[in-house]
Amino acid sequence: MISDRHAPSQQPYGTAYAQMLEKVRHEGGYPTLERADEAVRLVLAGLGRQLTGDERVDLARCLPWEAARVLTAQIPDPQPQTGWSFVKDLAARTGASLATTRWDTGSVFSAVAAYADPDLITRVLHQLPTGYALLFGRAELAPAA
């Protein structure tokens with residue numbers, strides 16, 4: 001009989017995704033990669049319900065495949081939400097507080113921004129309603145009059 005202790009350990013995540021989770025864990029101060037994974041899945045699923053078109057495809061290309069799969073598995077909502085409505089919706093889906101959900105969102109978007117070109121993040125922000133720039137750690141700029 002072969003002992004399991006001699007079998008190679010199974011890493012639950014691909015290397016690139018594990019690195020993304022480590023960044024989210026560090027940014028968010030989460031105690032485990034599993035908690036970071038919960039945040040990533042929640043926030044990217046929500047973002048997948050907001051993004052469409054080339055920005056969605058280009059962002060998915062930048063991310064580790066596990067993260068891209070979560071993003072692209074969602075059907076976009078016909079009425080995109082503002083940044084604040086996005087956070088409220090995620091909080092309602094999980095039963096978490098608004099503060100915790102806002103923290104999760106910022107931690108995940110910080111990691112997403114590290115994978116994507118700044119110009120792509122700008123394109124994503126132009127597609128989304130107001131309120132997302134702050135979630136990505138950027139200033140919310142009013143359009144020129």
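What follows is calculated from the coordinates using simple rules that are stated; it is not laboratory data. Because the structure is predicted, anything quoted here is derived from the model rather than measured. Neighbour counts run over all protein chains shown; Cβ positions are idealised from the backbone, glycine included.
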Worksheet item: How far is helix 98-115 tilted off the main Cα axis of the chain, in degrees rounded to 10, range 0 to 90?
Response: 80
Worksheet item: Per residue of the chain, what 222 nm ellipticity follows from adding -39500 (n - 2.57) for every DSSP H run with n ≥ 4, rounded to the nearest 500?
Response: -19500 deg cm²/dmol
Discussion item. Let's test the formula: R0 of 22 Å, r as the Cβ-Cβ distance of Thr15 and Asp54. What FRET efficiency results, to the nearest 0.05?
Written reply: 0.20
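Do me a favour and compute the ellipsoid semi-axes for the range 18-90 from its Cα gyration tensor, root of five times each eigenvalue, largest one first, whole Å.
22, 15, 9
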Worksheet entry | Using alpha-carbon coordinates, inclination of helix 53-62 to the longest axis of the chain, degrees | 30
Worksheet, complete the sentence: Against the 2.2 N^0.38 Å rule of thumb, the C-alpha Rg of the range 15-145 sits at a ratio of 0.97
Practice prompt. For the chain, find the longest principal axis of its Cα atoms and tell me its angle to the long axis of helix 33-48, 0 to 90°, nearest 10.
Written response: 40
Worksheet, complete the sentence: Calc'd 3J(HN,Hα), the range 127-137, phi into Karplus 6.51 cos²θ - 1.76 cosθ + 1.60 (θ = phi - 60°), Hz, glycine/Pro = x, comes to 6, 7, x, 4, x, 7, 4, 4, 5, 8, x
